[in-house]
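Asks: First the structure, which I've put down as structure tokens, then a few questions once you've had a look.
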Amino acid sequence: MREAWDGEAERFDEQPDHGLADGRVRAAWTAVLQEALPAPAARIVDLGCGTGSLSVLLAELGHTVQGVDLSPRMLERAAAKARRHGVHVDLIEGDASDPQVDGPFDVALSRHVLWALPDPAAVLDRWASLLLPGGRLVLVEGRWHTGAGCRAGDLLPLVRSATSAAELRPLPDPALWGGPIEDERYLIVAAV
């Protein structure tokens, strides 16, 4: 898997919702995250952070952020992005499904990662264990036109088993994705 994601690092930010280079897309994600997260300065772990777009955005909003990713090439890009934006993000190479991080955290965030992991229920339990009492698990997931991903109706019960309460928020706004979408994309915010 590491080699596969290393191979994707060069082009990963070409998708508007990956790189957040488009101001409208960046503003849309800022609004979604500000609504889902506690006020700064929360301590956040970004699990499967990739090239660090959300990690950097969260740091710009005043949060303390640790990003975890399996791919050294993705992390190199994340570090460069943080430098360009003048923020600090603590980047750790490791498995997002069992991150070796110094918690506890106010928030465990993951975008488009959980669906690809082999045992989502066990991963959710692990991620919930990283949180302070009252902490939040924030998941951006979807079921894409390619057939990949996870339907909200399948994931929500797993999240509810690992947390005390979970809320589903559909994310159909084209501004988040750089254009119209025809698949299922959503946010789950859960409390422990």
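The values are calculated or read from the model by the stated rules, or taken from the named source; none is laboratory data. Source: prediction; values computed, not measured. Heads up, the Cβs are rebuilt from the backbone with ideal geometry, glycines too, and the neighbour counts pull from every protein chain shown.
Asks: Taking the stretch 128-140, which residues are more than 12 Å from the chain's Cα centre (by Cα), under 22 Å from Val32 (Cα atoms) and either surrounded by 21 or more Cβ atoms within 10 Å (Cβ to Cβ) or of a type in the set (S, T, N, Q) (or both)?
Replies: Answer for the stretch 128-140, where residues must be more than 12 Å from the chain's Cα centre (by Cα), under 22 Å from Val32 (Cα atoms) and either surrounded by 21 or more Cβ atoms within 10 Å (Cβ to Cβ) or of a type in the set (S, T, N, Q) (or both): Leu131, Gly135, Arg136.
Asks: Kindly provide the set of residues from the stretch 52-93 that are surrounded by fewer than 20 Cβ atoms within 10 Å (Cβ to Cβ) and assigned to a helix (DSSP H, G or I), ordered by number.
Replies: Across the stretch 52-93, the qualifying residues are Glu60, Pro72, Arg73, Glu76, Ala79, Ala80, Arg83, Arg84, His85.
Asks: Return the pair list, or none, for Cβ contacts closer than 7 Å from residues in the stretch 150-171 that are over 15 Å from Val138 (Cβ atoms) to residues that are of a type in the set (Lys, Arg) and modelled with pLDDT of 95 or more, at least 6 apart or on different chains.
Replies: Cys150/Arg143; Arg151/Arg143
Asks: Picking from Arg143, Arg169, Arg185, which residue would you name as being among the basic types (Lys, Arg), on the phi < 0 side of the Ramachandran plot and exposed (fewer than 14 other Cβ atoms within 10 Å of the Cβ)?
Replies: On the way: Arg143 fails: exposed (fewer than 14 other Cβ atoms within 10 Å of the Cβ); Arg185 fails: exposed (fewer than 14 other Cβ atoms within 10 Å of the Cβ).
Arg169 is the lone residue from the list that is among the basic types (Lys, Arg), on the phi < 0 side of the Ramachandran plot and exposed (fewer than 14 other Cβ atoms within 10 Å of the Cβ).
Asks: Evaluate the following for Gln34: is it of a type in the set (S, T, N, Q), closer than 22 Å to Gly86 by Cβ and more than 12 Å from the chain's Cα centre (by Cα)? Please lay out each step first, then the result.
Replies: Working: of a type in the set (S, T, N, Q): yes; closer than 22 Å to Gly86 by Cβ: yes; more than 12 Å from the chain's Cα centre (by Cα): yes.
In short, yes.
Asks: Additional query: Hey, Ala27 hits all of (1) at pLDDT 95 or above; (2) buried (at least 19 other Cβ atoms within 10 Å of the Cβ); (3) of a type in the set (A, V, I, L, M, F, W, C) but one; which does it fall short on?
Replies: (2)
Asks: Right, next: Scan the stretch 39-50 for residues that are under 11 Å from the mean Cα position of the chain (by Cα) and either in a strand (DSSP E or B) or at pLDDT 95 or above (or both) and jot them down.
Replies: Taking the stretch 39-50 as the starting set, the residues that turn out to be under 11 Å from the mean Cα position of the chain (by Cα) are 44-50.
The answer is Ile44, Val45, Asp46, Leu47, Gly48, Cys49.
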